[in-house]
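Asker: Pasting in a structure now, in structure tokens, and then I'll have a few things to ask.
The values are calculated or read from the model by the stated rules, or taken from the named source; none is laboratory data. No experiment lies behind these values; they were computed from the predicted model shown. Using ideal geometry, Cβ is built from the backbone for each residue, glycine included, and neighbour counts are taken over all protein chains shown.
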Amino acid sequence: MSVDARIRTTVGSFEIDVHLTCAPGETVALLGPNGAGKSSVLRTIAGLHGLDQGRIEIAGNVVDDSAAGIHLPAERRRVGFVFQDYVLFPHMTVRQNIGFGPRSTGLDASGVDHWIDALGIADLADRRPSELSGGQAQRVALARALATDPQLLLMDEPLAALDAATRIEVRGRLRHHLAEFRQGTVIVTHDPLDALVLADRVVVVENGRITQDGPTAQVAAEPRTEYLAALLGVTLFRGSAASGTIACVDGGTLIASDTHAAGDVVALVRPQAISLHRERPEGSARNTWHTTVTGIDAHGDQVRVHLAGPPALVAAVTPAAVAELRLAPGEKVWASLKATDVSVHPA
Amino acid sequence: MRTPAPRLLIALAMVAFAFLALPLIGLLLSAPWGQMTELLSTPAARDALRLSLVTSLMATAITIVLGVPLAWVLARREFRGRALVRGLVLIPLVLPPVVGGVTLLAAFGRRGLVGQYLYDWFGIQLPFSTAGVVMAEAFVALPFLVITVEGALRVMDIRFEDAARTLGASPTRVLLRVTAPLIAPSLVAGAVLAWARALGEFGATITFAGNFPGVTQTLPLAVYSALEVSREEAIALSVVLLGISFAVLVSLRGRLLGGRG
Amino acid sequence: MRGAIIAIAAAAALLLSACSAGEERDVITVSAAASLTDAFTEIGDAYMAAHPDTEVRFNFAGSRTLAEQINAGAPVDAFAAASPATMQVAVESGSVGTPGVFARNSMSIAVPDGNPAGISSLEDLARPEVTVIVCNPAVPCGAGAARVFENSDADVTPASLEPDVRAVLTKIVADEADAGLVYRTDVTAAGASVEGIAIPDDVNVTNDYLIAVAPDAPASAVDFVDFVGSPEGQQVLASWGFLTP
């Protein structure tokens, strides 16, 4: 294991309680809303923040153990850290920045040249951080962290400081670089795209606790919490299922095609799967409601129509459809959803 | 496009400048320019100049060596009574310098808290010695350095130190290679302020260290003594003091205020 | 607004009453050498007891500083200096009238209570381990000390030249120095906190103390100066260690 961390710590008045692992060669995304405690988890693993209770092992070495009173200071942990907005030393050149780690630990400088070449920043070597673009600074920060030959790489919102266009390009290249790194990487992000593109495994952190942990594709397809579902653009309902009928906890019923599900479940509905009609629709859809529009907002080239429940649905339609159906808040409308479009998962 | 200024503001600014400039102009006008070389080459004058430069530089060095660690502790460590410690550090700023000299005697005089042991066991007498002058000057100058450096440390992004630590730097290396260069401008400004204060120090020096040419009679003390005898000599020495200070402060070109002049 | 007017009226009334109170009493300002502090304060009290309609205010400092203040226009009615030279500074510029000698002072060695360095003579002051302090040669007591050393051929290097005799005394009292040269009167004034070691008459210097009145001073100033020279005044001076003129 690159890292096995059981952490219980407090940040201000906020309590964090997580168990995080990451294997060598694996990239784990710590995904969660701002203020969920993700960055604090990273800082605690790096030794920059204190542990109230727990145990942290990095590449088999115990660096923190509250029961045994062990706490290895940050400078002895061999953890590479890439900070949000990079924190490059302004009074040093790029090459000096990258070489800072090896110089501090007496390591030979071969890693410096290797990573300068690998990240394609050789032509920037003599520049100062103030002369670099966002994408260039990100690569220098990565090279600086990797030049110390760390046993674990931690990245705190590595793309947040970049503009949208640069982010796409840098994200792609970052995936490539991380693939070359043989140890484990933990990336903290609030952008689901980062998680989807970069991570092998996603750990969702909300309010200091882990709410979901699994392979990226699975987590993306089956979000278990409202936060994650909303992030991925899916509507989530909790309820109890019996023979394909789900009684939602907030009221209302959903009919799913999976008749085997029973007990507490989570039902996911994509907004695109809901059709809206002026008259009661004919057809095979097993879920039909006569409901009222409560709100309309635009999302790119799609329009989201919020419908009164229960269950409270969100439908995604084209602007033309909005005009054709004369949709407006307060208007009554028929909504239909096929049973096969309701995906059910045990809660 | 410059911000328009109320006319009263400009007028008051000019009054302020006049208030500060007129006494200095008066000094320069009443200076015995014809006799300057003669007045300044007396042994007493040369001694005073040499002594002032040597003691003020040594005092400044001491304020740096002692002041930076103190500023670091005040900025980076939380502990009970921190406000009290900071208050104590700032006291020499508000204490009349002569009172400062009296307190130094109480601590380091022959019968002082610490001084008595220095005298009885080692025969070391700090009053009436050049070391005493350096101590008096360091005492009044230290707060300037501590305030400036503490301010800079607080304002600095502490993640620079975090980054250095994650790269394997020991606390000493972090301090010398990362923190110090980042606060260097403020450190220099604080040191210059401290030096200027040390150079002009009078009350604490004369009370604690005494007044003897070549040993403890710095430029300010020489001016005071000269006043009793010859106004011309006093003015000549004052002009020298003024000249040195002005040259250094101008060379800083506004960096004291965190700008580029 | 009303409050402001009332406040201003009250202040004006106070000021006026203060002025009129002043008219009931004569106030005379006397600048005197620092070494006269104790003696003149006592003389002043005695004079005011005998002349309840007069208030005497004193200004004690180094003689030269006082002379320069008077020349610069300080409103002083009488000036008592510790040496003819410093009195001359004020006489020359016409700030004061003809001065007269009213006392003399001579020098003495002062040592801290207990005489820790074991001083018994001027020659002891020349010992290298003894810390000696004197006044700045520019002030009368410093000039006096320099002449004493000259007269006695003692090779004394002082550790400090203090701005005035009281500064010397303060450091002796605090046991910061082993010995200092001060006036006899200072030894008396310091009482138990210092011990005096006499200087032989053949090497000692005496300086004349002179007093003069400002040309435009009120009659009470002349009165005061006469009182200083009277038997009563002279007795007070003697009790503090001054010598007769």
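Asker: From the list A:80, A:99, A:50, pick out the single residue that is at pLDDT 90 or above, under 30 Å from the mean Cα position of the chain (by Cα) and closer than 28 Å to residue B:183 by Cβ.
Answerer: After ruling out the rest, the residue left standing is A:80.
Asker: Since residue C:86 meets every condition but one in (1) within 30 Å of residue C:215 (Cβ to Cβ); (2) more than 14 Å from chain B (Cβ to nearest Cβ); (3) surrounded by 19 or more Cβ atoms within 10 Å (Cβ to Cβ), which condition does it not meet?
Answerer: Failed condition: (2).
Asker: Answer yes or no as to whether residue B:200 is in contact with a Phe, Trp or Tyr (Cβ under 8 Å, 6 or more places away or on another chain), under 28 Å from residue B:49 (Cα atoms) and either of a type in the set (Gly, Ala, Ser) or within 14 Å of chain C (Cβ to nearest Cβ) (or both).
Answerer: It is false that residue B:200 is in contact with a Phe, Trp or Tyr (Cβ under 8 Å, 6 or more places away or on another chain), under 28 Å from residue B:49 (Cα atoms) and either of a type in the set (Gly, Ala, Ser) or within 14 Å of chain C (Cβ to nearest Cβ) (or both).
Asker: Related question: Can we say residue A:186 is assigned to a helix (DSSP H, G or I) and assigned by TED's automatic domain parsing to the domain that holds residue A:164?
Answerer: No: the conditions fail for residue A:186.
Asker: Follow-up question, since we're still on this one. Of the residues A:143, A:161, only one is among the aliphatic types (A, V, I, L, M), in contact with an Asp or Glu (Cβ under 6 Å, 6 or more places away or on another chain), within 25 Å of residue A:90 (Cα to Cα) and touching a residue at least 12 places away in the same chain (Cβ under 8 Å); which?
Answerer: A:161 is the lone residue from the list that is among the aliphatic types (A, V, I, L, M), in contact with an Asp or Glu (Cβ under 6 Å, 6 or more places away or on another chain), within 25 Å of residue A:90 (Cα to Cα) and touching a residue at least 12 places away in the same chain (Cβ under 8 Å).
Asker: Still on this structure, please answer the following. Of the residues B:158, B:183, B:147, which is within 14 Å of another protein chain (Cβ to nearest Cβ) and under 26 Å from the mean Cα position of the chain (by Cα)?
Answerer: Answer to the selection: B:183.
Asker: While we're looking at this one, here's another question. Residues to consider are A:132, A:146, A:119, A:142; find the one that is modelled with pLDDT of 90 or more and over 25 Å from residue B:172 (Cα atoms).
Answerer: Within the list A:132, A:146, A:119, A:142, the selection yields A:132.
Asker: Take segment A:278-317 and flag every residue that is part of a strand (DSSP E or B), more than 20 Å from residue A:341 (Cα to Cα) and touching a residue at least 24 places away in the same chain (Cβ under 8 Å).
Answerer: A:292, A:293, A:294, A:295, A:296
Asker: Farther than 23 Å from residue B:107 by Cα, at the interface with chain C (Cβ under 9 Å from one of its Cβ atoms) and hydrophobic (A, V, I, L, M, F, W, C), is that true of residue B:222?
Answerer: For residue B:222, the condition - farther than 23 Å from residue B:107 by Cα, at the interface with chain C (Cβ under 9 Å from one of its Cβ atoms) and hydrophobic (A, V, I, L, M, F, W, C) - is not met.
Asker: Now, a different point. So if I check each of B:165, B:110, which one is basic (Lys, Arg), buried (at least 23 other Cβ atoms within 10 Å of the Cβ) and under 30 Å from residue B:220 (Cα atoms)?
Answerer: Exactly one residue qualifies, and that residue is B:110.
Asker: Go through (1) assigned to a loop (DSSP other than H, G, I, E, B); (2) over 23 Å from residue B:205 (Cα atoms) one by one and return the number of the condition residue C:137 breaks.
Answerer: Every condition holds for residue C:137 apart from (2).
Let's see how each residue does on (1) within 25 Å of residue C:163 (Cα to Cα); (2) touching a residue at least 40 places away in the same chain (Cβ under 8 Å):
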position: B:127; (1), (2): yes, yes
position: B:130; (1), (2): yes, yes
position: B:139; (1), (2): yes, yes
position: B:143; (1), (2): no, yes
position: B:161; (1), (2): no, no
position: B:164; (1), (2): no, no
position: B:181; (1), (2): no, no
position: B:192; (1), (2): no, yes
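Asker: Next up: Please note which helices (runs of 4 or more DSSP H) are completely contained in segment C:154-230 and include at least 2 residues that are touching a residue at least 60 places away in the same chain (Cβ under 8 Å), surrounded by 18 or more Cβ atoms within 10 Å (Cβ to Cβ) and outside the structural domain of residue C:84 (by TED's automatic domain parsing).
Answerer: Qualifying helices (runs of 4 or more DSSP H): C:165-173, C:184-190.
Asker: Only one of A:265, A:205 is surrounded by 17 or more Cβ atoms within 10 Å (Cβ to Cβ) and not assigned by TED's automatic domain parsing to the domain that holds residue A:35; which?
Answerer: After applying the criteria, what remains is A:265.
Asker: Residues to consider are C:117, C:110; find the one that is in the same structural domain as residue C:197 (by TED's automatic domain parsing) and either part of a loop (DSSP other than H, G, I, E, B) or free of Cβ contacts under 8 Å to residues at least 12 places away in the same chain (or both).
Answerer: Checking each option against the conditions leaves just C:117.
Asker: Scan segment C:86-105 and report the pairs whose first residue is part of a loop (DSSP other than H, G, I, E, B) and whose second residue is surrounded by fewer than 21 Cβ atoms within 10 Å (Cβ to Cβ) and among the polar types (S, T, N, Q), with Cβ atoms within less than 6 Å and a gap of 6+ or a chain change.
Answerer: If the second residue must be surrounded by fewer than 21 Cβ atoms within 10 Å (Cβ to Cβ) and among the polar types (S, T, N, Q), the pairs left are C:93/C:71; C:95/C:71.
Asker: Just to check your reading of the model, which residue among B:114, B:133 is out of contact with any Asp or Glu (no Cβ under 9 Å at 6 or more places or on another chain) and among the hydrophobic types (A, V, I, L, M, F, W, C)?
Answerer: From the options B:114, B:133, the qualifying one is B:114.
Asker: Do we find that residue C:64 is of a type in the set (Lys, Arg) and at pLDDT 90 or above in this structure?
Answerer: Taking the combined requirement at face value, the residue does not satisfy it.
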